[in-house]
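Q: Can you keep this structure in mind? I'll have questions shortly.
The values are calculated or read from the model by the stated rules, or taken from the named source; none is laboratory data. Predicted model only: the values in this text are computed from it and were never measured. When we count neighbours, we look across all protein chains shown, and the Cβ atoms used for this are built from the backbone with ideal geometry, even at glycine. Ligands, DNA and RNA are stripped out before the accessible areas are found, and what is left, the full protein with its side chains, is counted by its heavy atoms. Shrake-Rupley method; radii C 1.70, N 1.55, O 1.52, S 1.80 Å.
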Amino acid sequence: MKGERNMASKERAKEKLTFNTLWQRFGTFGILILLLAILAVARPGHFFSVSTVTQILAQSSVNILIALGEFFAILIAGIDLSVGSVVALTGMVTAQLMVAGVHPLLSLVLGVLLGGVLGLINGVLVNRTGLHPFIITLGTQAILRGVTLIISNSSAVFGFPASFTRTISVNVFGLVPLVAIIALLTAVVLSFLTRQTKLGRNIYALGGNREAAWYAGINVKLHTLIVFMISGLCAGLAGVVLLGRVGSAEPAAATGFETYAIAAAIIGGTSFFGGKGKIFGVVIGGFIIGVINFGMNLLSLPSTLQQVVMGALIIGSVALDRFVANKK
Amino acid sequence: MQAQTLVQMKHVRKEFPGVTALSDMSFDIRAGEVHVLLGENGAGKSTLMKILSGVHKPTSGSVVIDGKEYKSLTPHDANRLGIRVIYQELSVIPTLSIRENLFVGRLPVKKRAFFHTVDYGEMQRRAEGLLEKVGLHRDARTPVEDLSISEKQQVEIAKALAVDSRVIIMDEPTASLTHEEVRHLFAVIRALKAQGRGIVFISHKLPEIMEIGDRVTVLKDGANVGTKQIADVTADDLVTMMVGRQIRKNYQNESAPDGFEQEEVLFEVKGLSRRDGKARDVSFRLHKGEILGFAGLVGAGRSELMDAVFGAAPKQSGQILLHGKEIRTKSPYQAIRNGLAMVTENRRETGFFHNFDIKQNISLLPFVKTARGGGTLGLIDRRFEKRCAEQQRKALRIKCASVNQPVTELSGGNQQKVILGRWLAAQSEILIFDEPTKGIDVGSKAEIYALMRELADSGKGVLVVSSELPELLAVCDTIAVYREGEIVRVFPHSAATEENIVLAAAAGDTE
Ligand SMILES: Nc1ncnc2c1ncn2[C@@H]1O[C@H](COP(=O)(O)OP(=O)(O)OP(=O)(O)O)[C@@H](O)[C@H]1O
Ligand SMILES: [Mg+2]
């Protein structure tokens, strides 16, 4: 009997090494390598330089940060369309605080917290109305963008301490951008949350079967709140980071960023139906979007064409992933 | 004279990663017969039928249909050859109406000048005919999501009848049907038989099998251990073939043959009402060592009563007392924290986490129960998780390669056991079982009954809601009959018989 079970588990272990299971684990990673290889072949001169790594890392960071929050919203079979507007508003408020003389570090913290509060509002609205998050966050997306325009008088805000911009844009050892470290640290923390905590387990349960989660004693509303708060906090952090990288707060900043965040999460293997996905995948998904962006600039595609290419590549990489995964 | 053989499956073998579902299985279906497939949970019944319907490719072996031998079938082949399946997991589309579900993929059309349009008149007419046949009294335009489980099951059956067929496979069609609905199904089956169709009928309910079956094949660990004429065997023979031993029939507490009035009251519900009238001023007591069962017709409101007790549905009024002290159960979370557990009736909808593996499904409840901060705070203890799952796997004999296996890979009955395991793992004071043995094989049923007895003997409270009277009669010390939101009669085990319970449930005979 014991031997039989040992055999069974051995057989299972062997099965794990088939192409299929490997693809399921690392497929997204393969797409990333593929994209990098294409660039390396197309522009070997530019590609193989240290600054390439730095630039890709820096460019991906904002998107990865937003996508990390978006991941949770999708994980509970919802969505957060307001993240782009949250990025803009938190950036704007942080900039205005600094201009008004508040210490940069405090402004930064307040900016991130504001993101959390905005997320909380999304969560409360979802809970109170019972409407799908798609509707709620579609509404708050417009509202928050409007608020940003109002408080900024529709114009950009400059003139906050240069130390802020300099610090955020610093490259550690002249190689790794600080923003990338922030994004990856956030990913590590959230990965821990999803894998090692009861909170994370409950969120997956909620995404898998809402009603069963309720019967199992999971506080559905509380967890919905927490999820939207995480999404808001991540977007707030992204807003502050973007502010530091750009050097000014634009009222139209981050328009359409929710699309890239959703794309990153989905490319990274998160299921739209909820309950399935991993932080690691989201990070890779974010890098894929970053590499596509970087590559289009490297290949000097006209900006008019970039949107088209980006859209096509998003569809292409998800389709490729599913196609290969379904082929036996 | 022997009827024509419609389908012959020869030496079929099917391996899944880590499990051999079928080792060497031969099986045939004749025209005009009901061929019963019987076997323990995970014996390979569903897998065998999925090979016939083209869902799975056999590892080896073949299928002969119409004298033609197939190494494997595709769903398209199966469809073309007239093989219809009513799967164990319902496959109706909730957002579509009944009639659209019936004709999905082959809507009746009307020719117009340049194009075809859906012929709704024809669709409605045919749908009504089919619903009439299976005995479902609903407007065919009703969205399927508004139906109860048993009604969905009936739609599933009607769907298989919507197209011409040669072989109809029914994988546990009666698991969630009411007595009345089963009668209708049997009438349908008899009509199909008379038309010379072959029927494969899978069920764990022996009386049904003895009634409707012509031949029976018993599966054990993926192999055929015998095909018999039903007329030549008794139910006990079948159990012995399947489980390899006789099973106990009664599990009552023998120490209190004259009722439990003298015993300590463990759990009490006082004056419980629901706004929708599914519970009207209901009171009952559960004594130490007693198993209390709830009988009644479907729709009487037993599950709704338990939902209100457990805090899953709002109460209008009423008190819940544990050990004489009032406890609050405004949500399942509160109920769980205060010592209750409830195995829900519709476990696919209210119990099953398809995205979790076995151990995650089982350990969820203990985790929530022990977490501070409303069930949110704390870390996952992987050793505890594993131990907890292994314990239930052993206690319930869950058939799986390991507790790390996704639950979706388990057989239907084993999935049910996983959910049972979750609620047992919570180690609650009071356990409410709503249809505890749905989809579970005879041998395991007996083990679960024994387990319930053990729980009661060790001082836990056990409440059982079941529409299977033999089940209630086998385990309960006291049976309450529920009708239209009220307890109309209470029978001690010694006075309970199928007849008087059925009578009380239907007529509300209150003496
Ligand atoms: N997709 C799958 N992947 C891996 N193993 C599977 C898969 N489907 C079935 N199995 C395994 O094959 C065995 C037979 O399962 P099957 O569903 O045929 O049982 P069954 O006889 O229908 O049981 P039940 O009475 O519980 O419905 C089980 O051990 C099950 O775990
Ligand atoms: Mg089955």
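Q: Only helical DSSP H runs with n ≥ 4 go in: add -39500 (n - 2.57) per run for the protein assembly as shown, normalise by residue count and round the 222 nm mean residue ellipticity to 500 deg cm²/dmol.
A: Working: 33 runs with 433 residues, N = 839.
It lands at -16500 deg cm²/dmol.
Q: Just report the Cα centroid separation between region B:468-502 and region B:394-423, whole Å.
A: Computed from Cα coordinates, the inter-centre distance equals 30 Å.
Q: Using the Cα centre of chain B as the reference point, and only Cβ charges (+1 on K/R, -1 on D/E), how large is the resulting charge dipole? Debye, rounded to the nearest 20.
A: Details: 69 positive and 66 negative charges, 395 e Å.
It comes to approximately 1900 debye.
Q: Could you tally the net charge around B:T59, taking each other residue with its Cβ under 10 Å from the Cβ of B:T59, Lys/Arg +1 and Asp/Glu -1? Spell out each step's value before the answer.
A: Details: positive: B:R13, B:K14, B:K57; negative: B:E15.
Once positives and negatives cancel, what remains is +2.
Q: Okay, next question. Take A:A252 and A:F273, extend 7 Å from each Cα along the Cα→Cβ direction, and tell me the distance between the two endpoints in nm.
A: 4.0
Q: Ordering A:K221, B:K14, B:K399 by how much accessible area each has at a 1.4 Å probe, largest first, what is the list? Present the calculation step by step, with values, prior to reporting the outcome.
A: On the way: A:K221 120, B:K14 25, B:K399 80 Å².
Result of the area sort, largest leading: A:K221, B:K399, B:K14.
Q: Report, largest value first, the span of the C-alpha coordinates of region B:417-511 along each principal axis, in whole Å.
A: The principal-axis extents, from largest down, are 41, 27, 25 Å.
Q: I've got another one for you. To the nearest 10 square angstrom, what accessible area does B:E486 show with a 1.4 Å probe?
A: B:E486 has an accessible surface of roughly 80 Å² with all protein chains in place.
Q: Please compute the Kirkwood hydrodynamic radius of the protein assembly as shown from all pairs of different C-alpha atoms, in Å with one decimal. Before the final figure, lay out the partial values.
A: Working: mean 1/r = 0.0332 Å⁻¹.
Result for the protein assembly as shown, one decimal place: 30.1 Å.
Q: Follow-up question, since we're still on this one. For chain B, what does the relative contact order come out to in percent, with C-alpha contacts under 8 Å and a separation of six or more? Display every interim value, and only then the final one.
A: Numbers: 1032 pairs, mean separation 80.6, N = 511.
Taking the mean separation of contacting Cα pairs over the length of chain B, I get 16 percent.
Q: Size of the dipole of chain A about the Cα centre, Lys and Arg at +1 and Asp and Glu at -1 on the beta carbon, nothing else charged, in debye to 20? Before the final figure, lay out the partial values.
A: Numbers: 22 positive and 9 negative charges, 226 e Å.
It works out to roughly 1080 debye.
Q: How big is the C-alpha Rg of chain B next to the rule-of-thumb value 2.2 N^0.38 Å, as a ratio?
A: Details: Rg = 23.9 Å, N = 511, 2.2 N^0.38 = 23.5 Å.
It is 1.02.
Q: Can you give the accessible area per residue of chain A, in Å², using a 1.4 Å probe?
A: Details: 15060 Å² over 328 residues.
That works out to 46 Å² for each residue.
Q: Across region B:306-348, how large is the tail of the calculated P(r) beyond 12 Å, expressed as a percent of all Cα pairs?
A: Numbers: 518 of 903 pairs.
I get 57 percent for the Cα pairs in region B:306-348 exceeding 12 Å.
Q: A further question on this structure: Viscosity 0.890 mPa s, temperature 25 °C: give me the Stokes-Einstein translational D for region B:111-194 in µm²/s, with Rh taken as the Kirkwood radius over C-alpha pairs.
A: Values: Rh = 14.1 Å.
The estimated diffusion coefficient comes to 175 µm²/s.
Q: Sticking with this structure for a sec: Under a point spin-label approximation (7 Å from Cα along Cα-to-Cβ), what is the A:S154-A:L184 distance to one decimal in nm?
A: Here the answer is 4.3 nm between the modelled labels.
Q: Considering only the other residues whose Cβ falls under 15 Å of the Cβ of B:L102, what net charge follows from Lys and Arg at +1 and Asp and Glu at -1?
A: Numbers: positive: B:R84, B:R99, B:R106, B:R125, B:R126, B:K133, B:R138, B:R141, B:K152, B:K159; negative: B:E100, B:D119, B:E122, B:E128, B:E132, B:D139, B:E151, B:E156, B:D164.
Result for the local shell: +1.
Q: Can you give the FRET efficiency to the nearest 0.05 for A:A37 and B:T370, using r as the Cβ-Cβ distance and R₀ = 41 Å?
A: Numbers: r = 49 Å, r/R0 = 1.20.
After rounding, the FRET efficiency stands at 0.25.
Q: B plus A alone minus the pair: what accessible area, both sides summed, probe 1.4 Å, in Å² to 100?
A: Details: alone 22710 and 16580 Å², together 36350 Å².
Interface area, both chains combined: 2900 Å², rounded to the nearest 100.
Q: So what's region A:183-328 giving for Cα Rg divided by 2.2 N^0.38 Å, two decimals?
A: On the way: Rg = 17.5 Å, N = 146, 2.2 N^0.38 = 14.6 Å.
The value comes to 1.20.
Q: Another question, if that's okay. Could you check what % of the DSSP bridge pairs in chain B are antiparallel, to the nearest 5? Working shown, then result.
A: Working: 46 of 83 bridges.
Restricted to chain B, the bridges split so that about 55 percent are antiparallel.
Q: Further question: Where nothing but the Cβ of Lys and Arg (+1) and of Asp and Glu (-1) is charged, how large is the charge dipole of the protein assembly as shown around its Cα centre, in debye to the nearest 20?
A: Working: 91 positive and 75 negative charges, 543 e Å.
With only Lys, Arg, Asp and Glu charged at Cβ, the dipole is about 2600 debye.
Q: Within the P(r) computed for region A:94-137, what percentage of the Cα pairs occupies the region above 16 Å? Can you show the working numbers first?
A: On the way: 465 of 946 pairs.
Every Cα pair in region A:94-137 considered, those over 16 Å come to 49 percent.
Q: So, counting K/R as plus one and D/E as minus one, what does the shell of residues with Cβ under 13 Å around A:G123 add up to? Present the calculation step by step, with values, prior to reporting the outcome.
A: Values: positive: A:R128, A:K221; negative: A:D80.
Taking every Cβ under 13 Å from that of A:G123, the sum is +1.
Q: Where does chain A land on Rg/Rh, using Cα atoms and the Kirkwood Rh? Working shown, then result.
A: Numbers: Rg = 20.9 Å, Rh = 20.8 Å.
Expressed as Rg/Rh, it is 1.00.
Q: Still on this structure: Springs between alpha-carbon atoms under 10 Å, Gaussian network over chain A: tell me which of A:Q306, A:Q59, A:Q141 tops the mean-square fluctuations.
A: Among A:Q306, A:Q59, A:Q141, the largest GNM mean-square fluctuation belongs to A:Q306.
Q: Taking every Cα atom in region B:180-312, find the radius of gyration and the maximum pairwise distance Dmax, and write them in Å.
A: In Å, with Rg to one decimal and Dmax whole: 21.6, 60.
Q: Under the definition of partner shielding as Cβ atoms of other protein chains within 10 Å of a residue Cβ, what is the mean value for peptide A:221-228?
A: On the way: counts 0, 5, 3, 0, 0, 1, 0, 0.
Counting other chains' Cβ atoms within 10 Å and averaging over A:221-228 gives 1.
Q: Residue by residue through B:454-460, how many Cβ atoms from other chains fall within 10 Å of the Cβ on average?
A: Numbers: counts 0, 0, 0, 0, 0, 0, 0.
Average per residue, whole number: 0.
Q: Also: Leaving ligands, DNA and RNA out of it, report the carbon-plus-sulfur percent of the accessible area of chain B at a 1.4 Å probe.
A: Details: 10520 of 21290 Å².
Answer for chain B: carbon and sulfur cover 49 percent of the accessible area.
Q: Please state, as a whole number in µm²/s, the translational diffusion coefficient that the Stokes-Einstein equation yields for region A:122-170 at 10 °C and 1.306 mPa s, with Rh defined as the Kirkwood radius across alpha carbon pairs. Spell out each step's value before the answer.
A: On the way: Rh = 13.5 Å.
In µm²/s, the coefficient is 118.
Q: Another question, if that's okay. Restricting the count to DSSP beta bridges whose residues both fall in the protein assembly as shown, what percent are antiparallel, rounded to a multiple of 5? Mind showing how you got there, number by number?
A: Working: 50 of 87 bridges.
So the antiparallel bridges in the protein assembly as shown amount to around 55 percent.
Q: Turning to a different aspect of this structure: Helix by helix through chain A, keep the DSSP H runs that span 18 Å or more along the axis on Cα and average at least 0.5 on Kyte-Doolittle, and give those back in order.
A: Details: long enough: A:2-15 (20 Å, -2.17); A:19-42 (31 Å, 1.65); A:50-75 (36 Å, 1.48); A:83-99 (24 Å, 1.74); A:104-129 (37 Å, 1.66); A:133-152 (27 Å, 1.47); A:178-196 (26 Å, 2.03); A:220-246 (39 Å, 1.81); A:279-298 (28 Å, 2.01); A:303-326 (35 Å, 1.07).
The qualifying helices are A:19-42, A:50-75, A:83-99, A:104-129, A:133-152, A:178-196, A:220-246, A:279-298, A:303-326.
Q: On to the next question. Just reorder B:L455, A:L75 by solvent-accessible area, largest first, 1.4 Å probe, all chains present.
A: Details: B:L455 35, A:L75 0 Å².
Sorted by accessible area, descending: B:L455, A:L75.
Q: With every protein chain in place, what's the accessible area of A:Y204 (1.4 Å probe, Å², nearest 10)?
A: Estimated to the nearest 10 Å², A:Y204 gives 30 Å².
Q: Follow-up question, since we're still on this one. Using alpha carbon centroids, what distance separates region B:47-93 and region B:164-219, in Å?
A: Between the Cα centres of region B:47-93 and region B:164-219 lies a distance of 18 Å.
Q: I need the calculated FRET efficiency for the pair B:M210 and B:K110, taking r as the beta carbon distance and R₀ as 56 Å, to the nearest 0.05.
A: Values: r = 47 Å, r/R0 = 0.84.
So the FRET efficiency works out to roughly 0.75.
Q: Which order do the peptides B:381-387, B:294-300 come out in when sorted by mean C-beta neighbours inside 10 angstrom, highest first? Mind showing how you got there, number by number?
A: Details: B:381-387: 13.9, B:294-300: 21.6.
Per-residue mean Cβ counts within 10 Å order the peptides as B:294-300, B:381-387.
Q: Rounded to whole Å and sorted largest first, list the principal axis extents of the Cα atoms in region B:339-471.
A: For region B:339-471, the Cα spread along each principal axis is 44, 33, 25 Å.
Q: For B:S26, tell me the accessible area in Å² from a 1.4 Å probe, rounded to the nearest 10.
A: Here the residue's solvent-accessible area equals roughly 40 Å².
Q: Using a 1.4 angstrom probe on the protein heavy atoms only, line up B:F115, B:F103 by accessible area, largest first. The partial results should precede the final answer.
A: Working: B:F115 120, B:F103 0 Å².
Accessible-area ranking of B:F115, B:F103, largest first: B:F115, B:F103.
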